[in-house]
1. Which ordering of 49, 102 is given by a fewest-first count of other beta-carbon atoms within 10 Å?
2. Got a sec? How would 103, 44 order by Cβ neighbour count within 10 Å, fewest to most?
3. Which of the three applies to segment 33-107, rounded, prolate or oblate, going by the alpha-carbon gyration tensor with a ≥ b ≥ c and a/c under 1.5 meaning rounded?
4. If we count other beta carbons within 10 Å of each Cβ, what is the order of 72, 65, fewest first?
5. Students often get this wrong: which residues of segment 45-70 have the backbone nitrogen under 20 Å from the point 7 angstrom along Cα-to-C-beta of residue 85?
6. Can you tell me how much longer the chain between residue 41 and residue 15 gets when fully stretched, taken as 0.36 nm per residue apart minus their C-alpha distance, in nm with one decimal?
7. For residue 73 and residue 51, compute 0.36 nm times the residue count separating them, minus their Cα-Cα distance, and round to one decimal in nm.
């Protein structure tokens, strides 16, 4: 696993972020960097400020069940600059890419 991958652990006391060691509901890592853009999009977007796992050939963004997660244009531009194929689909469709070679996923699970 690379340094810019966020894995959440589940324990008897709930889900814990491995980076800040706080419950997920209080996580200091999750979306903090993108929150300033929330008013602009009506939802906290995926921004270039996040730790995006670029070390792949294909980056799949699961935008939620109703594709509610906005993806900022800077993310699209950075993917093109890096030569990374960017797929933006609903989260259910994104799951088919789990364990695909040279593919990383960002999954929005809440809406």
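1. Ordered by Cβ neighbours within 10 Å, fewest first: 102, 49.
2. Ordered by Cβ neighbours within 10 Å, fewest first: 103, 44.
3. Oblate, since a/c reaches 1.5 and b/c is not below a/b.
4. Final ranking by Cβ density, sparse to dense: 65, 72.
5. Answer for segment 45-70: 53-63.
6. Extra length from residue 41 to residue 15 when fully extended: 6.6 nm.
7. Length gained between residue 73 and residue 51: 6.3 nm.
The numbers here are math on the coordinates, done by the rules we state, and not lab data. Quantities reported herein were computed from a predicted structural model and do not represent experimental measurements. A quick note on method: Cβ atoms are made from the backbone with ideal geometry, for glycine too, and the neighbour counts reach across all protein chains shown.
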